[in-house]
1. Pick from the range 154-181 the residues that are without any contact (Cβ under 8 Å) to a residue 12 or more places away in the chain and farther than 20 Å from residue 78 by Cα: which of them is surrounded by the fewest Cβ atoms within 10 Å (Cβ to Cβ)?
2. Within the range 224-240, identify whether any single residue is farther than 30 Å from residue 203 by Cβ, buried (at least 16 other Cβ atoms within 10 Å of the Cβ) and modelled with pLDDT of 65 or more, and answer yes or no.
3. Report, ordered by the first and then the second residue, all pairs with beta carbons closer than 8 Å, sequence separation of six or more or different chains, a first member in the range 286-303 that is at positive phi, and a second member that is modelled with pLDDT of 75 or more and not in a helix (DSSP H, G or I).
4. Report whether or not residue 144 is over 30 Å from residue 215 (Cβ atoms) and either touching a helix residue (DSSP H, G or I) at 6+ places or on another chain (Cβ under 8 Å) or loosely packed, with under 12 Cβ neighbours inside 10 Å (or both).
5. Is it fair to say residue 219 is at pLDDT 85 or above and part of a loop (DSSP other than H, G, I, E, B)?
6. So which residues in the range 54-70 are surrounded by 16 or more Cβ atoms within 10 Å (Cβ to Cβ) and under 20 Å from residue 130 (Cβ atoms)?
7. If we scan the range 78-91, do we find a residue that is touching a helix residue (DSSP H, G or I) at 6+ places or on another chain (Cβ under 9 Å), at pLDDT 95 or above, surrounded by fewer than 19 Cβ atoms within 10 Å (Cβ to Cβ) and part of a loop (DSSP other than H, G, I, E, B)?
8. Given the criterion under 18 Å from residue 206 (Cβ atoms) and in contact (Cβ under 8 Å) with a residue 40 or more places away in the chain, identify the matching residue among 115, 79, 95.
């Protein structure tokens, strides 16, 4: 036993001595680069449940007889001010039924009156309880259809509003082509700012819900004529004030004078022949002479008329010819002038 213990001790000592005799250091582990950042794996967006229409939500609560919560939802939706006329009718009709279900006939009648003002053909379902029909019939008896007529110019919008015992009409709202630009005012008239390009005019209730709407037509740009293309043109000249008329008259007078001269020369030749031949009667020479004088008179008249009409033609040509009188703008270095023709 003692030998075994000694042997074990000697073995341990030898191992320790060998370890000291061969102090070979071991290399530290090589540093490793930090892992490269990796983009998170794309994940599909979680499906979102479709938004519940507050009107449908209120109807669902109505079906469970939770009238109070349903009325809160409807009132909140009306106060949001985003309803069209048709939707507003549905909201007020449901609010009236809920108010009646909560034993608030005044609230029910007020909502029913607004629904009937906007849609006079509104009806309750057949077989409705008296709790609903009584305030509904009372509202119908006291509420005429709401008549709203809208009109607008570039600078002002106006509403003509009929009888409104339900007091649903509040004012006007003008929407611009830029959705961010909206102008609203209480009452039946509103001024449109000069820098706003109006697109739509709405009649609204106190919350901004639409009671009536109309588009505002953009004004057509005025036609601007250039100074060089527009002229104030007078009617054409009368025939007697045209130089061509008198020139034609001059030509006609000269033609008559020419015919007269030819006939005068013929009569003169005939008279000369008889005078030379002799043996003729005096009456023949007298007749030829008289005819020659007549044609000579025609020549004189024709020449005189030609001279007169020629003068008139020259004058008419000088004061404007046959062109119509006009006043034409013309630009120059100093400004704008006008060229006149008479």
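1. If we take residues in the range 154-181 being without any contact (Cβ under 8 Å) to a residue 12 or more places away in the chain and farther than 20 Å from residue 78 by Cα, then 180 is surrounded by the fewest Cβ atoms within 10 Å (Cβ to Cβ).
2. Within the range 224-240 (the criterion being farther than 30 Å from residue 203 by Cβ, buried (at least 16 other Cβ atoms within 10 Å of the Cβ) and modelled with pLDDT of 65 or more), the answer is yes, since at least one residue qualifies.
3. Pairs found: none.
4. The answer is no for residue 144.
5. It is false that residue 219 is at pLDDT 85 or above and part of a loop (DSSP other than H, G, I, E, B).
6. Within the range 54-70, 62, 67 qualify.
7. The answer is no, given that none of the residues of the range 78-91 is touching a helix residue (DSSP H, G or I) at 6+ places or on another chain (Cβ under 9 Å), at pLDDT 95 or above, surrounded by fewer than 19 Cβ atoms within 10 Å (Cβ to Cβ) and part of a loop (DSSP other than H, G, I, E, B).
8. Working: 115 fails: in contact (Cβ under 8 Å) with a residue 40 or more places away in the chain; 95 fails: in contact (Cβ under 8 Å) with a residue 40 or more places away in the chain.
Being under 18 Å from residue 206 (Cβ atoms) and in contact (Cβ under 8 Å) with a residue 40 or more places away in the chain holds for just one of 115, 79, 95, which is 79.
The values are calculated or read from the model by the stated rules, or taken from the named source; none is laboratory data. Small disclaimer: the values here were computed from a predicted structure and weren't measured. Heads up, the Cβs are rebuilt from the backbone with ideal geometry, glycines too, and the neighbour counts pull from every protein chain shown.
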